[in-house]
1. Restricting to the stretch 116-130, name every residue that is surrounded by fewer than 18 Cβ atoms within 10 Å (Cβ to Cβ) and closer than 21 Å to His81 by Cα.
2. May I ask you to list the residues in the stretch 26-35 that are in contact (Cβ under 8 Å) with a residue 60 or more places away in the chain and over 26 Å from Phe60 (Cβ atoms)?
3. Report whether or not Arg72 is open to solvent by 30 Å² or more (accessible area, probe 1.4 Å) and within 16 Å of the ligand (Cβ to nearest atom).
4. Go through the stretch 36-60 and give me each residue that's open to solvent by 30 Å² or more (accessible area, probe 1.4 Å) and free of Cβ contacts under 8 Å to residues at least 40 places away in the same chain.
5. Any idea which of His28, His32 is modelled with pLDDT of 95 or more, within 13 Å of the ligand (Cβ to nearest atom) and surrounded by fewer than 21 Cβ atoms within 10 Å (Cβ to Cβ)?
6. Out of the stretch 1-25, which residues are within 15 Å of the ligand (Cβ to nearest atom) and either free of Cβ contacts under 8 Å to residues at least 24 places away in the same chain or β-branched (Val, Ile, Thr) (or both)?
7. Looking at Leu161, Leu172, Leu133, which one is closer than 20 Å to Gly109 by Cβ, within 16 Å of the ligand (Cβ to nearest atom) and either open to solvent by less than 30 Å² (accessible area, probe 1.4 Å) or in a helix (DSSP H, G or I) (or both)?
Amino acid sequence: MGTYSLPDLPYDYSALEPHIDARTMEIHHTKHHQSYVDKLNAAVENLDTPDDVEDLLRNFSSLPDEVKTAVRNQGGGHANHSLFWKIMGPNGGGEPTGEIADAINSAFGSFKEFQDELTNAAANQFGSGWGWLVLDGSGNLRVEARPNQDSPLMDGLTPILGVDVWEHAYYLKYQNRRPEYLQAWWNTVDWNAVNQRFLSVR
Ligand code: MN
């Protein structure tokens, strides 16, 4: 056992079908995410690390140089996927409600404009990476993309929701058709969960 552990999915592997297939979800959770957790634990076993991987990434610059690459990749992978599972759900899709809806309208003009911006950022991320809705230190929302498993937390930004555009997230069902996956992915977003995340970090 290490410091960090794989969180249970809050729904079944088949819960996001037809948008994300059960086999992809199972491999993604039990193989890819588990691997990030295991490699992170191996890398930090001799360090006194915070229990919350998000705190580990917030303090990235103060870590010893010899663990930075592992924390960036494996710690980022653990944090990114932990959030990803939470902001999706079987009754997802539609438009946001609550305070996150007001904040998105205020920052982007409309939900549609936000949706287009995040879709484009994720579609145009070259190679593996993520598209993000982040909150900056001044309380402003914006869309960003990041390569690999780089977490916005390392840059002082708080991720509110993210979409994984590594091929392992969609290849079985969508092959090379990332835009089609992204269009389907919007139907999995649990806006109540996103709103809770927003309220807990803003
Ligand atoms: Mn992934």
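1. Scanning the stretch 116-130 gives Asn120, Ala123, Asn124, Phe126, Gly127, Ser128.
2. The answer is Ile27, and nothing else.
3. Yes.
4. Asp38, Lys39, Ala43, Asn46, Leu47, Asp48, Pro50, Asp52, Asp55, Asn59, listed by residue number.
5. His32
6. Answer for the stretch 1-25, where residues must be within 15 Å of the ligand (Cβ to nearest atom) and either free of Cβ contacts under 8 Å to residues at least 24 places away in the same chain or β-branched (Val, Ile, Thr) (or both): Tyr13, Ile20, Thr24, Met25.
7. Every option except Leu161 fails the conditions.
Okay, residues lined up against (1) within 16 Å of the ligand (Cβ to nearest atom); (2) assigned to a loop (DSSP other than H, G, I, E, B); (3) buried (at least 19 other Cβ atoms within 10 Å of the Cβ); (4) at pLDDT 95 or above:
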| residue | (1), (2), (3), (4) |
| --- | --- |
| His78 | yes, no, yes, yes |
| Ala101 | no, no, no, yes |
| Ile104 | no, no, yes, yes |
| Lys112 | no, no, no, yes |
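The values are calculated or read from the model by the stated rules, or taken from the named source; none is laboratory data. Remember, it's a predicted structure, so these values are computed and weren't measured experimentally. Cβ atoms come from the backbone with ideal geometry, glycine included; neighbour counts cover every protein chain shown. Areas reflect the complete protein model, heavy atoms only, side chains present, ligands, DNA and RNA absent. Shrake-Rupley method; radii C 1.70, N 1.55, O 1.52, S 1.80 Å.
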